[in-house]
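One structure below.
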2 protein chains.
Amino acid sequence: MSPKTQEPVITKISDLPLDEAKWITLKRIDYVDQVGKPRTWEVATRKTRAEKAGVDAVAMGNILLHPSRAPATLIVIQYRPPLDAYTVEWPAGLIDADETAEEAAVREFKEETGYECKVLSVSPPQAADPGMTNANMQLVMVEVQLKEEDAEDMEGPEQRLEDGEHIQRVIVPLSEFYDRLIEYSKQDRMIVAAKLFHFAAGMHFAKTQTYGPL
Amino acid sequence: MSPKTQEPVITKISDLPLDEAKWITLKRIDYVDQVGKPRTWEVATRKTRAEKAGVDAVAMGNILLHPSRAPATLIVIQYRPPLDAYTVEWPAGLIDADETAEEAAVREFKEETGYECKVLSVSPPQAADPGMTNANMQLVMVEVQLKEEDAEDMEGPEQRLEDGEHIQRVIVPLSEFYDRLIEYSKQDRMIVAAKLFHFAAGMHFAKTQTYGPL
């Protein structure tokens, strides 16, 4: 028996005073700029940065290999209250206090997808949205070797709502990656995460550009 | 005469109460999830979203074409107080209240780089950091036709500090794009913005992957 499900609905949006915020906060930065002028900047910051890694989060750029199907990638779709929309992202998560980025990637990927993965590369730390926050992340490229009997398609309109963690997993052939993100963007109440979109746009650009060999 | 310049320095970081914040604020979202359970989420939000576009910001993925040089892209390096570091990004900016994304892209690109550009494509809105904020942006791909006499290299260690807006512009051949971002990431007090890194990583992946035609 699956639980009764419904579309998520926001019931109230209210100011969140600093002393009631558990996960994020606001800071005022006073600094002296390049020409010696005192300035201020407003920043939103997480209260949870992992001490060992010094980085907030990892995202797992993943390649699914299957004996008889084209190489694909697994994306996750979940309701995100900040946007009141379903976001399309690569699996991602916060790094725990005692973890490295690589350890967090393997753990989170298993939790969100059920698959064991092999780490191919770990990017340098990247700034998530540098004008507004100090949030940072690392892109961990991983590879998953599927078996012949593994399902081709985790997609289905009902799966988004029935999943216990409310995360829908979708397998997309890499050759359709960019086009599928464009299609998702056209759907009501859906938005693609910028990092995922930029990776796919970079692949698409490399494939379709006519400037000559890059 | 150029103004006396120095490395930016943070003098104080303090809590920023909501009633003193001009640009950003915190909200508590109460919502009912897919299985009918009431939940809350904490979100950082900009107070400045452009009404016409319904989107906060644009970034300009740009291609510089020159009669006798390889296709290149222009990146900007600037001190970002939230990270107390120099970030490497594509030119970007907030969309004004009465602008479309395309208009903002042309205006901001001219302001930050001095170049007129031709818009090639405008992406759907993308979520900047969907777990933490509702900030969104559109990637506008633009092309710039340089003249034979245009400078090959805007780079120089002194330029970062002398620039009036404290923005250093660097021209990078597209063939070196990813490797240069990796190199920047190794430098002290420098961090690459996630969107830029992901686009370059997507290009790099498309060029170097060995899974077969995608």
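Modelled spin labels at A:Lys186 and B:Glu7, positioned 7 Å past Cα toward Cβ, are 5.1 nm from each other.
What is the order of A:Ile29, A:Ile13, B:Ile191, fewest Cβ neighbours within 10 Å to most? Don't skip to the answer; put the middle values down first.
Details: A:Ile29 20, A:Ile13 16, B:Ile191 24.
Ranking A:Ile29, A:Ile13, B:Ile191 by Cβ neighbours within 10 Å, fewest first, gives A:Ile13, A:Ile29, B:Ile191.
Cross-link partners for B:Lys186 among the lysines, with Cα-Cα distance under 28 Å and sequence neighbours closer than 8 places in the same chain left out: A:Lys27, A:Lys47, A:Lys52, A:Lys118, A:Lys195, B:Lys4, B:Lys12, B:Lys195, B:Lys207. Relative to the longest principal axis of the Cα atoms of chain B, helix B:194-208 runs at roughly 60 degrees.
The mean number of Cβ atoms from other chains found within 10 Å of a Cβ in peptide B:35-43 is 6, as a whole number.
Of the beta bridges in chain B, as assigned by DSSP with both residues counted there, near 70 percent are antiparallel.
Loop only by DSSP, 11 or fewer other Cβ within 10 Å of the Cβ. Give me the GluC sites (Glu not before Pro) in the range B:1-93 that pass, ordered by residue number.
Here the sparse-neighbourhood loop sites are B:Glu51.
The DSSP beta bridges internal to the protein assembly as shown are antiparallel in roughly 70% of cases. Each of A:Thr208, A:Thr100 was scored by other Cβ atoms within 10 Å of its Cβ. Arranged with the fewest first, they read A:Thr208, A:Thr100. For chain A, adding -39500 (n - 2.57) for each run of n ≥ 4 DSSP H residues and dividing by the number of residues yields -6000 deg cm²/dmol at 222 nm. Per-residue Cβ neighbour counts within 10 Å put B:Leu174, B:Leu120 in the sequence B:Leu120, B:Leu174, beginning with the fewest. For B:Ser121 and B:Lys47, the difference between the fully extended length at 0.36 nm per residue and the C-alpha to C-alpha distance is 23.9 nm. Free of any trypsin sites (Lys or Arg not before Pro) that DSSP assigns to a loop and that have at most 16 other C-beta atoms within 10 Å, the longest stretch within chain B is B:53-146.
None of the figures in this text is laboratory data; all of them are computed from the coordinates on show. Keep in mind it's a predicted model, so treat the numbers as computed, not measured. Here Cβ is always computed from backbone atoms with ideal geometry, including for glycine, and neighbour counts include all displayed protein chains.
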